[in-house]
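Asker: Below: one structure in structure tokens.
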Amino acid sequence: MYICIQNGRLIDPASRMDRAGDLYLAEGKIVSIDSRPEGFHADREIDAAGMVVCPGLVDLSARLREPGLEYMATLESELEAAVAGGVTSLACPPDTDPPLDEPGLVEMLKHRARNLDRARVYPVGALTQGLKGERLTEMVELHDAGCIAFSQADAPVINLHVLMRAMQYAATFGFKVWLRPQDRHLANHGVAHEGEIATRLGLPAIPVCAETIALSSILSLMRETGASVHLCRISSAEGVALVRAAKRQGLPLTCDVSVHHVHLTDMDIGFFDANCHLMPPLRGLADRDALRAGLMDGTIDAICSDHAPVDEDAKLMPFAEAESGATGLELLLPLTLKWAVESRLPLPEALAKITSHPAQILGVDTGRLAAGVAADLCIFDPDANWVVSNNELKSQGKNTPFLGMELYGRARFTLIDGRVVHEQ
């Protein structure tokens, strides 16, 4: 299909383009910006007046719950939620049931996602068999099946010798290792940030040192092995400081933060709101401010949704027993826009954290507007206000701390390979 997108505000964070103009699409690619190609006859024209035309969003952490956890969500529901939120590419962690530790499972997931013809799915393979932290997976075979990186999701590798061998293996073949820094023994089944709120509510706590000690071990192993590491969902001021110092030393390190942690603190738990039971836990105000500062100065490369749909019954349990996680695919865009407004950050710089930067981390040629690039686009109305509610969310999981909140910014059109896959 030949499509002309007219009168939009074109923003390409990768090239720092921000201007009014037209976009011309043909055969699944962007063929021209501003000037109509010779002989171009549009099958469809989209009037984007008053809207922003930017690369499709790239999400570094979205649990799709397949295979094995379909009672929480299905691939159909979550990929529909993705395109409704303007997300055109996403990475899914390996903590499914069974975990993504066999090439056949990865190939099946990729095949299912292609047939649904929605967002592009990039599986992250399991670092160890069954995510048990004992025996390494066959990373080369998993990579050939479609895995873009290797991770333990939220399951720790207790034996640092195993982690070192895994990082050596990955470094040998140039694979990236994605790790969430948290020491299991220090976390000790905690559910909230160690501080006044957890003490007052009587909740088992996770100290900041559970993150920083694990992070220090990862950084030491990086120096030893030469592995390239992506840190998932950093949560503390001390963690940000360690990452900043490591980057100054030239370590091959990238880092993301959950969009929930950009806005919320442990005070938002209120009277045991289980929708605020997240992992890592929501931390203090100083930590949240440090995360925002880390995003501003480039210490933190990307914002992810940390999408984790959970069935309603699992969130009706007492706080400490409730399933952790929150839905976020459809909130990534408006919450990033909210952060940009509050931080007085230019829109192209904010959008880079959810488009070009995560695309670079994934190593995929998306997240930018340029001739010859696949036409994966998000066209959104930055002034569209809406209230987060069960009826508004496409995701099967309705578990979010932002229920009932009015947000600004909504995807009106989402295109993948030049096809309109979502229109509102």
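The values are calculated or read from the model by the stated rules, or taken from the named source; none is laboratory data. Keep in mind the model is a prediction, meaning the values are calculated, not measured. Here the Cβ positions follow ideal geometry from the backbone for every residue, glycine too, while neighbour counts run over all protein chains shown. Ligands, DNA and RNA are excluded from the accessible area calculation, which covers all protein heavy atoms including side chains. Shrake-Rupley method; radii C 1.70, N 1.55, O 1.52, S 1.80 Å.
Asker: What number of residues within segment 339-369 are touching a helix residue (DSSP H, G or I) at 6+ places or on another chain (Cβ under 7 Å), part of a helix (DSSP H, G or I) and either over 16 Å from Gly409 (Cα atoms) or among the basic types (Lys, Arg) (or both)?
Answerer: Number satisfying all stated conditions: 1.
Asker: Right, another one. Which of the residues belonging to segment 357-374 are of a type in the set (Gly, Ala, Ser) and open to solvent by less than 10 Å² (accessible area, probe 1.4 Å)?
Answerer: Ala359, Gly367
Asker: Can you tell me which residue in segment 392-406 is farthest from Gly56 (Cα to Cα), limited to those that are of a type in the set (A, V, I, L, M) and either part of a strand (DSSP E or B) or in contact (Cβ under 8 Å) with a residue 40 or more places away in the chain (or both)?
Answerer: Checking each candidate, the answer is Leu403.
Asker: Please verify whether Gly294 is in contact with a helix residue (DSSP H, G or I) (Cβ under 7 Å, 6 or more places away or on another chain) and part of a loop (DSSP other than H, G, I, E, B), treating the condition exactly as stated.
Answerer: No: the conditions fail for Gly294.
Asker: With Leu64, Leu10, Leu60, Leu23 as the choices, which residue is at negative phi, touching a Pro at 6+ places or on another chain (Cβ under 6 Å) and either open to solvent by 10 Å² or more (accessible area, probe 1.4 Å) or not basic (Lys, Arg) (or both)?
Answerer: The match here is Leu60.
Asker: Scan segment 319-348 and report the pairs whose first residue is without any contact (Cβ under 8 Å) to a residue 40 or more places away in the chain and whose second residue is open to solvent by 10 Å² or more (accessible area, probe 1.4 Å), with Cβ atoms within less than 7 Å and a gap of 6+ or a chain change.
Answerer: Final answer for the pair search is Ala340/Leu347.
Asker: Out of segment 94-134, which residues are within 15 Å of Ser151 (Cα to Cα) and either open to solvent by less than 20 Å² (accessible area, probe 1.4 Å) or polar (S, T, N, Q) (or both)?
Answerer: Within segment 94-134, Pro94, Thr96, Leu100, Val106, Pro123, Val124, Gly125, Ala126, Leu127, Thr128, Gln129, Gly133 meet the criteria.
Asker: When you scan segment 29-43, how many residues do you find that are open to solvent by 20 Å² or more (accessible area, probe 1.4 Å), more than 18 Å from Arg9 (Cα to Cα) and either among the polar types (S, T, N, Q) or free of Cβ contacts under 8 Å to residues at least 60 places away in the same chain (or both)?
Answerer: 6
Asker: Sticking with this one: Go over the candidates Gly372, Gly409 one by one and state the one that is at positive phi and either in contact with a helix residue (DSSP H, G or I) (Cβ under 7 Å, 6 or more places away or on another chain) or in a strand (DSSP E or B) (or both).
Answerer: Gly409
Asker: Let me ask something else. State whether the residues of segment 260-276 include one that is among the hydrophobic types (A, V, I, L, M, F, W, C) and in contact with a Gly (Cβ under 7 Å, 6 or more places away or on another chain).
Answerer: no
Asker: Could I ask something else about it? Could you go through segment 222-232 and let me know if any residue there is in contact with a Pro (Cβ under 6 Å, 6 or more places away or on another chain), without any contact (Cβ under 8 Å) to a residue 60 or more places away in the chain, among the polar types (S, T, N, Q) and within 22 Å of Ala350 (Cβ to Cβ).
Answerer: No, every residue in segment 222-232 fails to be in contact with a Pro (Cβ under 6 Å, 6 or more places away or on another chain), without any contact (Cβ under 8 Å) to a residue 60 or more places away in the chain, among the polar types (S, T, N, Q) and within 22 Å of Ala350 (Cβ to Cβ).
Asker: Mind checking whether some residue in segment 323-333 is surrounded by fewer than 24 Cβ atoms within 10 Å (Cβ to Cβ), at pLDDT 95 or above, more than 17 Å from the chain's Cα centre (by Cα) and farther than 17 Å from Leu407 by Cα?
Answerer: Scanning segment 323-333, I find at least one residue that is surrounded by fewer than 24 Cβ atoms within 10 Å (Cβ to Cβ), at pLDDT 95 or above, more than 17 Å from the chain's Cα centre (by Cα) and farther than 17 Å from Leu407 by Cα, so the answer is yes.
Asker: Please verify whether segment 375-391 includes one or more residues that are surrounded by fewer than 18 Cβ atoms within 10 Å (Cβ to Cβ), hydrophobic (A, V, I, L, M, F, W, C), in a loop (DSSP other than H, G, I, E, B) and in contact (Cβ under 8 Å) with a residue 40 or more places away in the chain.
Answerer: no
Asker: How many residues are among the hydrophobic types (A, V, I, L, M, F, W, C) and buried (at least 19 other Cβ atoms within 10 Å of the Cβ) if we restrict to segment 280-289?
Answerer: Selection size over segment 280-289: 1.
Asker: Okay, moving on. Since Ala314 meets every condition but one in (1) part of a helix (DSSP H, G or I); (2) buried (at least 24 other Cβ atoms within 10 Å of the Cβ); (3) not aromatic (Phe, Trp, Tyr), which condition does it not meet?
Answerer: Of the numbered conditions (1) part of a helix (DSSP H, G or I); (2) buried (at least 24 other Cβ atoms within 10 Å of the Cβ); (3) not aromatic (Phe, Trp, Tyr), the odd one out for Ala314 is (2).
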